Structures are given as C-alpha cells and as structure tokens.
C-alpha cells in the first residue's frame, strides 16, 4: 500500500514538473516564433530584382474591417515610399474576414478591392533578393483621430491624400461597381451621409469614437438640406435599423448602393457578424468599398468619426461642405 501511494505521489510530482517545464517551454517557444514572425525583418528570397528593395505591408488582426486595413496601409505605403522601398500589400498569409479558410496563403484579399500600389504582387517578389517584411503590429499612424487634421486645419492632410489617390487604385471589379453607382448620382447636388452601425452606439467600445444617434444625424441632415438645397441623399450604412429610420424620414430623396443590410441583435460587432457568415464577407467588403468611394464623390458630406469617414476624406478632392461629428471617445 505504501509503495502504491509513493508511486502515485511520484507520478503527480512528475506530471506537475512536466506541466511547469515542458509545456511552459513549448508555449514560450511558440510565442517567440510568433513574435519574431510578426516583427519587421529582412529576407533574401532569391536573386531576382537585385536593384530593388520591397516592403511587405501586413497586419496580424483578423476581426477588422476593410477601411481599418486601408488606413494603416496608406500610412505604411507612404513611409515605405519615403525610404525608397517598393510596397506590396499582404492580406494573404494571415486569416482575415475576407478569406475563406482554404484561401489563406493562396489568395490575396487586398486584390479583391484594390490594385497593388506599385504593380508588384507577392508572387512577383517571391524570389527577390531583398524583401522587408513589415511589422504586423499596428503602429502610430497619421493623426486621423484628430478631426481638425481631417478637415485640413493644420495643412497636413494633402500629403496623405496624394498617397491614397496615387497608389490606392481600385480593382477592375470595384471600379466597375463604382461606375454603376455614379450613374445614379448623376448631376444632382448630393449629400453623402455615413452612419456607423448600432453595434457601436449599443456596445460603446472603449477607446473608439462616440457615434451620433439617428436623431442627432437627422438634425444635421436637415440643416444641410435647408442650407445647400441638396436634391438627394446618398446613405452609407450596413445597419438595417438605421436605413429604415432614415428612409421613413426622407423617402425617395434617400438612396443607397446596398440591396441587403445586416440586422443587429446585440452581438459584439457587425464585423464578427460578417465573419461568421464568410460566404458574405467578400460581398460585404465590396459593398462597403463602393459606398465609401461613392460618398467621396458627393458634393456634401456628414459622418460620424470612423475609419470609413477617414477613407472618404482621403479619397475626396474637395467637398463643398464637410461635417464630422467630434463627440469624444467611449470610456
């Protein structure tokens, strides 16, 4: 009996030792590999393109929308160009909302929506002599959180507009879709309105910009319609509840490029709603891109402070009137 207890005691001690050493060691090693992979580093992939240095722009998060990628990519592309590197955007080698599981590592989701900045793809640089893999962690980017910056009150926004408008050209499919919606705009004076979904106004995600309520948005829309005599309203929203409320108020004057909307029932975010229905993710990304580009082509603009709004500002030449709600951050 004593031997059996002693054997059991030894077994427990060994098991504990194994858990506290080997498993911990394995996890630490995996974490170091993961961190090393996502740190900026240089690779020699072959001997091609000896006179060029490529910079791969990438990001490790999964549950982020297209225009969150867009903002960090604009910044990193701009910085790469300043240093004489040729940027290549990678949304292929890490899971993201726009790729199915079997596409990871094979298909670059960025190229669904935009062309590569300088015409080089990941395939083109796969045997290049000098490739810098950029950090996957989001760094500080241009001060897009500052509304005065977006409204060009400090004279710096044009630098980033040039990067966005020169190097972020739409894919052929996206351009075709945008041209179709542009025909709907016609020559009428159009007010563009961007409303972030009720997942924000309901969940109030800490550190994100406070979004206006539907009533606050309507008050501002009414003021602009009265002052500038806009003939129509182009609405950008993915949220069915917001669409129905504004459609009821403005009727035939209001239109959108969407034929379907997302119904929000208290989930953490609309981004996760889309990712849980991955067959819809490509379409959702395309619809949102067409929305943002169309808003940038309107005469007037009103929006809450979101990544999409920053995209609108970067893509637009010059609005006759632009208003961005500056309501602070959710605590």
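Out of all the residues in the stretch 275-321, which are in a strand (DSSP E or B) and buried (at least 19 other Cβ atoms within 10 Å of the Cβ)? Give the steps one after another, and end with the answer.
The first filter runs over the stretch 275-321 and keeps only residues in a strand (DSSP E or B), leaving 300-303, 321.
300, 301, 302, 303 - these are the residues of the stretch 275-321 that are in a strand (DSSP E or B) and buried (at least 19 other Cβ atoms within 10 Å of the Cβ).
Could you check the stretch 191-231 and list, in sequence order, the residues that are over 20 Å from residue 245 (Cβ atoms), under 26 Å from the mean Cα position of the chain (by Cα) and at pLDDT 95 or above?
none
Can you report the number of residues in the stretch 125-167 which are out of contact with any strand residue (DSSP E or B) (no Cβ under 6 Å at 6 or more places or on another chain), part of a loop (DSSP other than H, G, I, E, B) and in contact (Cβ under 8 Å) with a residue 24 or more places away in the chain?
Qualifying residue count for the region: 13.
Of the residues 101, 106, which single one is at pLDDT 95 or above, farther than 14 Å from residue 138 by Cα and out of contact with any helix residue (DSSP H, G or I) (no Cβ under 7 Å at 6 or more places or on another chain)? Lay out the reasoning, then the answer.
Working: 101 fails: at pLDDT 95 or above.
Going through 101, 106 in turn, just one is at pLDDT 95 or above, farther than 14 Å from residue 138 by Cα and out of contact with any helix residue (DSSP H, G or I) (no Cβ under 7 Å at 6 or more places or on another chain): 106.
Please give the number of the condition residue 96 fails out of (1) under 17 Å from residue 307 (Cβ atoms); (2) in contact with a strand residue (DSSP E or B) (Cβ under 7 Å, 6 or more places away or on another chain); (3) assigned to a loop (DSSP other than H, G, I, E, B).
(2)
So, in the stretch 74-93, of the ones that are touching a strand residue (DSSP E or B) at 6+ places or on another chain (Cβ under 7 Å) and part of a loop (DSSP other than H, G, I, E, B), which residue ends up surrounded by the most Cβ atoms within 10 Å (Cβ to Cβ)? If you could, list the steps in order and put the result at the bottom.
The first filter runs over the stretch 74-93 and keeps only residues touching a strand residue (DSSP E or B) at 6+ places or on another chain (Cβ under 7 Å), leaving 76-77, 80-81, 85-90.
This time we only want the ones that are part of a loop (DSSP other than H, G, I, E, B), so: 85, 90.
Values: 85: 21, 90: 19.
Only one residue fits best here, namely 85.
Can you confirm whether residue 104 is more than 29 Å from residue 209 (Cα to Cα) and in contact with a strand residue (DSSP E or B) (Cβ under 6 Å, 6 or more places away or on another chain)?
For residue 104, the condition - more than 29 Å from residue 209 (Cα to Cα) and in contact with a strand residue (DSSP E or B) (Cβ under 6 Å, 6 or more places away or on another chain) - is not met.
Report yes if residue 150 is surrounded by 13 or more Cβ atoms within 10 Å (Cβ to Cβ), modelled with pLDDT of 85 or more and within 19 Å of the chain's Cα centre (by Cα), otherwise no.
Details: surrounded by 13 or more Cβ atoms within 10 Å (Cβ to Cβ): yes; modelled with pLDDT of 85 or more: yes; within 19 Å of the chain's Cα centre (by Cα): yes.
It is true that residue 150 is surrounded by 13 or more Cβ atoms within 10 Å (Cβ to Cβ), modelled with pLDDT of 85 or more and within 19 Å of the chain's Cα centre (by Cα).
Determine, yes or no, whether residue 182 is in a loop (DSSP other than H, G, I, E, B) and modelled with pLDDT under 95. Walk me through it before giving the result.
On the way: in a loop (DSSP other than H, G, I, E, B): no; modelled with pLDDT under 95: yes.
For residue 182, the condition - in a loop (DSSP other than H, G, I, E, B) and modelled with pLDDT under 95 - is not met.
Among (1) modelled with pLDDT under 90; (2) more than 25 Å from residue 100 (Cα to Cα); (3) crowded, with 17+ Cβ neighbours inside 10 Å, there is one condition residue 238 misses while meeting the rest; what is its number?
For residue 238, the failing item is (2).
Identify, from the list 37, 69, the residue that is assigned to a helix (DSSP H, G or I), surrounded by fewer than 14 Cβ atoms within 10 Å (Cβ to Cβ) and in contact with a strand residue (DSSP E or B) (Cβ under 9 Å, 6 or more places away or on another chain). Give the steps one after another, and end with the answer.
On the way: 69 fails: surrounded by fewer than 14 Cβ atoms within 10 Å (Cβ to Cβ).
Exactly one of 37, 69 is assigned to a helix (DSSP H, G or I), surrounded by fewer than 14 Cβ atoms within 10 Å (Cβ to Cβ) and in contact with a strand residue (DSSP E or B) (Cβ under 9 Å, 6 or more places away or on another chain), namely 37.
For residues that are outside any loop (DSSP other than H, G, I, E, B) and touching a helix residue (DSSP H, G or I) at 6+ places or on another chain (Cβ under 7 Å), scanning just the stretch 48-66, find the one that is farthest from residue 135 (Cα to Cα).
66
When you go through 54, 67 one by one, which is the residue that is more than 14 Å from the chain's Cα centre (by Cα) and modelled with pLDDT of 90 or more?
54
The values are calculated or read from the model by the stated rules, or taken from the named source; none is laboratory data. For clarity, every value in this text was computed on a predicted model and none was experimentally measured. No Cβ is skipped: glycine too gets one built from the backbone with ideal geometry, and neighbour counts run over all protein chains shown.
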